[in-house]
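Structure, as structure tokens:
The values are calculated or read from the model by the stated rules, or taken from the named source; none is laboratory data. Everything quoted here is computed from the prediction, not taken from an experiment. Counting neighbours? That spans all protein chains shown, and the Cβs are built from the backbone with ideal geometry, glycine included. The protein model used for the area step is the full one, side chains on, heavy atoms only, and it has no ligands, DNA or RNA in it. Shrake-Rupley method; radii C 1.70, N 1.55, O 1.52, S 1.80 Å.
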Amino acid sequence: MAKTVEGLYYSESHEWVKVEGNVAIVGITDFAQHAMGDLSYVDMPEVDDELEKGEEFGAVESVKAASDLFCPVSGTVVEINEELEDAPELLNVDAFANWIMKVEMSDPSELESLMDAAAYEAMCANE
Amino acid sequence: MEETLLKTCLHDRHVVLGALMSPFAGFDMPIQYTNITEEHNAVRHKAGMFDVSHMGEIFVSGPDADKFVNHVFSNNIEGMEDGKILYGMMLYPNGTTVDDLLVYKEFVPDRYLLVVNASNIAKDYEWLCAQAEGYDVKVVNASDDWGQIALQGPEAEKYAVETLGLDEAAALGFYTYYETEYPGVAEPRMIVSRTGYTGEDGFEIYASHEAILKIWDTLLEAGVVPCGLGCRDTLRFEAGLPLYGHELSDEITPLEAGLGMFAKVKDKADFIGRDALVAQKEAGLARKSVGIELQDKAIPRAGYPVEVNGVQVGVVTTGYRSISTDRSVCVALVDKAYTELGTQVEIRIRKKVFPGIVTKRRFYETNYKK
């Protein structure tokens, strides 16, 4: 079974968010990496990109398919995980230890619309 | 899942092996058993087997069979020897494609086997029946009676001979076949052809469901890797082989797809679609299928736009991060002005555009047995 991590926020489109101060660290969930299979490419945003909540900011790709990534909170990209450019498989190895981008949040109250681990697990169980 | 999916005779085997199953052409088919890359490499370097029982088998027989098949088929079957196989298309009068298929000339007079795409079985059968008016032929859709396994890879011959005891398979040339019987089953007739859809040497084995189950189990036990439709697509794509619905369709002619060599407009005075192809040739093609290689690792996918200076000039029909060459490549249908080898184009992938160069459509050197 796909694992989850307590204390993170989760989106319906299978991103996780870890909050550090005003910064949202964003990645994809274990459920998502498992559903995609072996990842061969991560299409990442660029630093300084301004993203709206729900906006597409990139994609993860397996041999077979591309899956769009959607920004769970509005804000400005302050850092991307360049390690993933050469090693997208890190997301398969540990989806929670390997983040994709860090976003300076413009409206942290948006976090309230995301799910906690238990709610996310319940959603995945129905997929 | 709302729709009722068809199952091949090997469906239970796939489920037991833990395959990821997905709908394809109305069938519940295995996409992968372990992962696409491993299965792809098994076919390139050893041997893999595919359940392709979903493919269609349509038999055409009767006094007018030669004449009729040559009328509906773009390739030329005149003078074709028994046991030979030809690849080609059935075309609409406007030159676009009903389906691409293999035609097997049987070892009895006036009889052919047409092997068609699973997604097109009903359409092809209806098309053939409609065209058969005025011809003394019988068209029989026997797809439900036949299973098919594609045994592919450099070690395919070894497994065919040593594991399955198909001694005569070793002597088969590319695109020929022979018939034999599978022992101890109610319907023993078996067709073994040196054909495939991977760019490697290999065989396609047609037999009754009962025999196909036994063949599958025997090959599995001998160590042949079960391979899903996922790697079937990556393999055929690298080898430059078209897939109906992508490189060919009812909106694409074989000339546009770069498959003119299989549409014999010069050798044959008549076949359905010929006049349209002649006219298209004379007028000059407006668009053509090419390969495109990206410098970046981003992956072009079917449907992505091909652009030049921000203007769309084509569309990707199939694309991958090629497993055998580790390059991001695609086949795209592009305006004729941009089809010269080396032409610089761009592919729009989500929000960004990536530079690419027009190449040949084959990305991998094939290893067919001559």
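Can you list residue pairs whose Cβ atoms sit under 6 Å apart, with the first residue in segment B:15-40 being facing another protein chain (nearest Cβ under 9 Å) and the second being modelled with pLDDT under 95 and open to solvent by 50 Å² or more (accessible area, probe 1.4 Å)? Count only pairs 6 or more apart in sequence or on different chains.
B:Ile31/B:Leu20; B:Gln32/B:Leu20; B:Asn35/A:Asp38
Output the residue which, of all residues in segment B:257-284 that are closer than 30 Å to B:Arg321 by Cβ and open to solvent by 40 Å² or more (accessible area, probe 1.4 Å), is farthest from the other protein chains (Cβ to nearest Cβ). Break it down into steps so the answer makes sense when it comes.
The initial filter retains those residues of segment B:257-284 that are closer than 30 Å to B:Arg321 by Cβ, namely B:257-262.
In the following step, the residues that additionally are open to solvent by 40 Å² or more (accessible area, probe 1.4 Å) were identified as B:261-262.
Numbers: B:Met261: 30, B:Phe262: 28 Å.
Looking at the filtered set, the residue picked out is B:Met261.
Does A:Lys53 satisfy the condition of being modelled with pLDDT under 95 and outside any helix (DSSP H, G or I)?
no
How many residues does segment B:318-360 hold that are open to solvent by 60 Å² or more (accessible area, probe 1.4 Å) and either touching a Cys at 6+ places or on another chain (Cβ under 8 Å) or assigned to a loop (DSSP other than H, G, I, E, B) (or both)?
Count: 6.
So B:His40 fits all but one of (1) crowded, with 17+ Cβ neighbours inside 10 Å; (2) modelled with pLDDT under 95; what number is the exception?
(2)
State all residues of segment A:91-118 that are open to solvent by 40 Å² or more (accessible area, probe 1.4 Å) and farther than 20 Å from A:Glu56 by Cβ; if no residue qualifies, say none.
The answer is A:Val93, A:Asp94, A:Ala97, A:Pro108, A:Ser109, A:Glu112, A:Asp116, A:Ala118.
Quick one: what pairs do we get from segment B:216-231, first residue open to solvent by 10 Å² or more (accessible area, probe 1.4 Å), second part of a helix (DSSP H, G or I) and at pLDDT 95 or above, C-beta under 7 Å, 6+ apart or different chains?
Listed by first residue and then by second, the contacts come to B:Thr218/B:Thr163; B:Ala222/B:Tyr159; B:Ala222/B:Thr163; B:Val225/B:Glu39; B:Val225/B:Ala42; B:Pro226/B:Leu220.
Working only within segment B:104-144, note down all residues that are out of contact with any strand residue (DSSP E or B) (no Cβ under 6 Å at 6 or more places or on another chain) and aromatic (Phe, Trp, Tyr).
B:Phe107, B:Tyr135 - these are the residues of segment B:104-144 that are out of contact with any strand residue (DSSP E or B) (no Cβ under 6 Å at 6 or more places or on another chain) and aromatic (Phe, Trp, Tyr).
Out of B:Phe50, B:Phe24, I need the residue that is under 16 Å from the mean Cα position of the chain (by Cα) and open to solvent by 40 Å² or more (accessible area, probe 1.4 Å). Which one?
Criteria check complete, one pass: B:Phe24.
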